[in-house]
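S.K.: Structure in structure tokens, see below.
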Ligand SMILES: N[C@@H](CCC(=O)N[C@@H](CS)C(=O)NCC(=O)O)C(=O)O
């Protein structure tokens, strides 16, 4: 059975859990990272030498890097669903995966930690405000793209929606000041109608 290592409150782990649920792949989730530890053990480092989550093992094949895990699961188990066959259409969708990691993940972390994870007396308001401004500018780019298509993957939901969809949940549910992004919000509402999203992603923010 597919094994997915990682604590379910991690945005990167949520990507793998959500993809597996979308594809109805039976899996075992082994909580790891954060308070669960495990990631520094030699056994885990043999699977992911970065001591980070998520990582998966599928039929003896070990893999790390959340976006790559989503692509792998889609290519192996989602030929007629999440995986996009046409190279240009697939690249158009997948660019949003790498973009989410390279553009949003770092400022998002500053917002998330200084809103959710850190105690109020430890929060860095300047870092949070800078993160909010940067995330807002990035989400505006996705909002503009979603004005002409219902999904970042095109006409249908696909892998391109998964990474940003994980960030979007916290973005829309955290008590923060957000600019109005109507197309992004309508996309988020579409994601919320997906049972797999609700189960894997819409869990308490911790
Ligand atoms: N680029 C990696 C980043 C992985 C990463 O930084 N994961 C965080 C959780 S979101 C982590 O492992 N933190 C340490 C821990 O949980 O112990 C990926 O996308 O998989």
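No lab work stands behind these numbers, since they all come straight from the coordinates. It should be emphasised that the depicted structure is a prediction, and the values quoted were computed from it without experimental measurement.
S.K.: Would you compute, from DSSP H runs of 4+ residues alone, the mean residue ellipticity of the chain at 222 nm, taking -39500 (n - 2.57) per run and dividing by the full residue count, rounded to the nearest 500?
M.R.: On the way: 9 runs with 101 residues, N = 206.
For the chain, the value works out to -15000 deg cm²/dmol.
S.K.: Right, next: If the elastic network links every pair of Cα atoms under 10 Å, which of 87, 142, 170 fluctuates the most in the Gaussian network model of the chain?
M.R.: Its mean-square fluctuation being the largest, the pick is 87.
S.K.: Would you mind calculating the relative contact order of the range 2-77 from Cα pairs under 8 angstrom and at least 6 residues apart, reporting the percent as a whole number?
M.R.: On the way: 115 pairs, mean separation 27.6, N = 76.
Relative contact order here is 36 percent.
S.K.: Which whole-number percent is the relative contact order of the chain (Cα, under 8 Å, 6+ apart)?
M.R.: Details: 287 pairs, mean separation 47.9, N = 206.
After rounding, I find 23 percent.
S.K.: Which residue, 136, 51, 41, has the most motion in a Gaussian network model of the chain that connects Cα atoms within less than 10 Å?
M.R.: It is 41.
S.K.: Shape verdict for the range 3-46, please, from the Cα gyration tensor: rounded (a/c under 1.5), prolate (a/b greater than b/c) or oblate.
M.R.: Judged from the Cα gyration tensor, the range 3-46 comes out prolate (a/c at least 1.5, a/b above b/c).
S.K.: Quick check: from the Cα gyration tensor, does the chain come out rounded (a/c under 1.5), prolate or oblate? All intermediate terms of the calculation are to be shown ahead of the outcome.
M.R.: Details: a/c = 1.88, a/b = 1.09, b/c = 1.73.
Because a/c hits 1.5 or more and a/b fails to exceed b/c, the chain counts as oblate.
S.K.: Starting from the exponent 0.38 and prefactor 2.2 Å, build the expected Rg for the range 92-206 from its residue count and divide its actual Cα Rg by it.
M.R.: Working: Rg = 13.9 Å, N = 115, 2.2 N^0.38 = 13.4 Å.
The range 92-206 yields a ratio of 1.04.
S.K.: Next question, about the same structure. Let me make sure I get this right: for the range 65-160, a, b and c are the square roots of the gyration tensor eigenvalues over alpha carbons, sorted descending. Under 1.5 in a/c it's rounded, otherwise prolate if a/b > b/c, else oblate. Which is it?
M.R.: Values: a/c = 3.36, a/b = 1.97, b/c = 1.70.
It is prolate, given that a/c is not under 1.5 and a/b is the larger ratio.
S.K.: Follow-up question, since we're still on this one. Can you give me the C-alpha center-to-center distance between the range 31-60 and the range 114-181, rounded to a whole angstrom?
M.R.: Cα centroid to Cα centroid, the span is 27 Å.
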